[in-house]
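Structure first, then comments.
The values are calculated or read from the model by the stated rules, or taken from the named source; none is laboratory data. These figures come from a predicted structure and were not determined experimentally.
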Amino acid sequence: MTIPTLARIAGASSLTLMLAACMDVAMTVDVTSQTEAEATMVTTMERDMYDLMMAQATEQDEEFCAEGELVESADTVECTLVRSGPFADLEFDGEEGEDPIIEEIGGGQVRVAFPTSDLTESLSEEIDPAQDAQMQAMIASIFEGHTITMTVSGGAITDTNMELAADGQSATFEIPFTDLFSPELDLPGEIYAVVQK
């Protein structure tokens, strides 16, 4: 589930929305060379929400974690999906424009970007600015404490609009789910980091 994929949640049914609200999504892109990287996406869902989703699933629904490794515990269900190899092969959703953009930009530097424009546009169409305070409070309570986190690693970070780690070897950007459904949502057009290899 990449950032634009999450935009589709906004127009989904209330059940899907609640299920999504009980997820944490973390994507890490580790640049291993000037031409290859390893991308890991971990989706963690509360166990009761996973059980509810499975109970409501139909044959037409896409299977959760169909291509990843599923680890179940008493409290959570975690799906880990790993892709590695040449930049062009690191696809998660299989749709153009929905995956990180990774490119070698010269001087041994690799730029990793997570586009956010599709997400911002889709959510702005779904969110009613006049939504009453009770509805806003309900959404906030459902989504509270859950986040989408993006991390870039693999060498010295030379340029980024993400939060730089103290050692300068990685950068992270965290988006609380509550922010995604706020009328004041204000994300940069892309979240990016440049790695020196």
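Which of the following residues is of a type in the set (S, T, N, Q), within 16 Å of the chain's Cα centre (by Cα) and assigned to a helix (DSSP H, G or I): Thr178, Thr149?
Working: Thr149 fails: assigned to a helix (DSSP H, G or I).
Just a single option satisfies the conditions, and that option is Thr178.
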**Study point:** Those residues of segment 132-171 which are at pLDDT 95 or above and β-branched (Val, Ile, Thr), in sequence order
**Key:** Thr151, Val152, Ile157, Thr158, Thr160
